[in-house]
1. Return a whole-number percent for the relative contact order of the chain, with Cα pairs under 8 Å and 6 or more residues apart as the contact set.
2. Calculate what fraction, in whole %, of the accessible area of segment 1-71 sits on carbon and sulfur atoms when a 1.4 Å probe is rolled over the protein chains.
3. Please name which of L4, S213, A120 has its Cα lying farthest along the dipole of the chain towards the positive end, using unit charges on Cβ (Lys, Arg +1; Asp, Glu -1) and the Cα centre as origin.
4. Any of K137/K158; K5/K209; K43/K209; K5/K128; K5/K137 with alpha carbons more than 30 Å apart? Name them for me.
5. Just name one of L24, V85, N183: the one whose Cα is farthest towards the positive end of the charge dipole of the chain (beta-carbon charges, Lys/Arg +1, Asp/Glu -1).
6. Roughly how far apart, in whole Å, are the Cα centres of segment 45-117 and segment 129-190?
7. Select from V140, G52, A237 the residue farthest towards the positive end of the dipole of the chain; place +1 on Cβ of Lys and Arg, -1 on Cβ of Asp and Glu, and compute about the Cα centre.
8. Output the relative contact order of segment 1-65, whole-number percent, from Cα pairs under 8 angstrom with separation of 6+ residues.
Amino acid sequence: MVSLKTSEEIELMRRANLIVAEVLQELKALIHPGVSTASLDEKAEEIIRGRGATPAFKGYGGFPASICVSINDEVVHGIPSRKKVLEEGDIVGIDCGTCLEGYFGDAAVTLAVGDISDDAARLMKETKASLDAAIDKVRVGNRLSDISNAVQSHVEAKGYSVVRNFVGHGIGKSLHEEPQIPNYGSSGRGIRLKAGMVFAIEPMINIGKSEVSVLDDGWTAVTNDGSLSAHFEHSVAVTENGPYILSQI
Ligand code: MG
Ligand code: MG
């Protein structure tokens with residue numbers, strides 16, 4: 001069952017998501033060679049709690065931190081650590097979730113550490129563009145898989161591959177609600193979108209092949225072929241006036 005949110009609930013989710021957006025913006029300014037991923041996590045938690053919210057990821061399924069930080073061939077769910085230090089040329093995915101007054105926010109960006117290769121920059125640009133194409137499908141009357149297909153068709157035309165083991169999701173009073181939103185599939189399938197639905201849309205895109213594995217830490221997903229991966233995410237409400245990107249400042 002896909003829940004419909006009232007406009008009051010959507011505004012609460014907007015507040016939760018603006019805290020996520022603020023975290024991502026603040027962390028962007030801290031991304032430099034030599035910075036540990038644990039220090040980014042500490043800053044994120046400080047901002048989230050300072051706004052009266054709680055970090056949604058901390059303790060979720062036992063996850064130990066407030067953000068996921070995933071470097072280079074790490075796809076998603078990287079665990080912040082003092083031992084993991086950013087290096088010039090890395091790309092780093094940061095995923096953040098918050099809960100404010102019982103409503104959740106969730107968004108992610110991939111950022112460059114100093115100067116990065118043209119290949120890495122293009123992967124980031126096209127992954128973000130695939131999210132934008134998907135968001136443009138968040139309209140009353142469209143089908144759920146129109147979102148999925150927008151991601152897949154954008155990135156595969158560029159020669160990239162879609163990670164299939166992880167998906168986007170509904171969001172609201174829980175971090176992960178129905179429906180699941182794969183980043184691949186034919187258009188014109190699945191539920192019809194209605195005003196009040198809210199989705200976290202999150203393409204995870206690899207330069208190389210699509211296959212990924214989870215490391216022994218039980219969380220960090222990496223590409224099997226070692227190729228770079230990028231991840232962007234927004235929480236987006238379906239409204240009569242089109243997509244409302246809750247996690248965009
Ligand atoms: Mg997320
Ligand atoms: Mg998510």
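The values are calculated or read from the model by the stated rules, or taken from the named source; none is laboratory data. Just so you know, these numbers come straight off a predicted model, no measurement behind them. As a convention, Cβ positions derive from the backbone with ideal geometry for all residues, glycine included, and neighbour counts pool all protein chains shown. Quick note on the areas: whole protein, heavy atoms, side chains included, nothing else; ligands and nucleic acids left out. Shrake-Rupley method; radii C 1.70, N 1.55, O 1.52, S 1.80 Å.
1. 24
2. 55
3. Among L4, S213, A120, the one farthest towards the positive end of the dipole of the chain is L4.
4. Going by Cα-Cα distance, K5/K209; K43/K209 fall outside the 30 Å limit.
5. The Cα lying farthest towards the positive end belongs to N183.
6. 21
7. The Cα lying farthest towards the positive end belongs to V140.
8. Dividing the mean separation by the residue count of segment 1-65 yields 25 percent.
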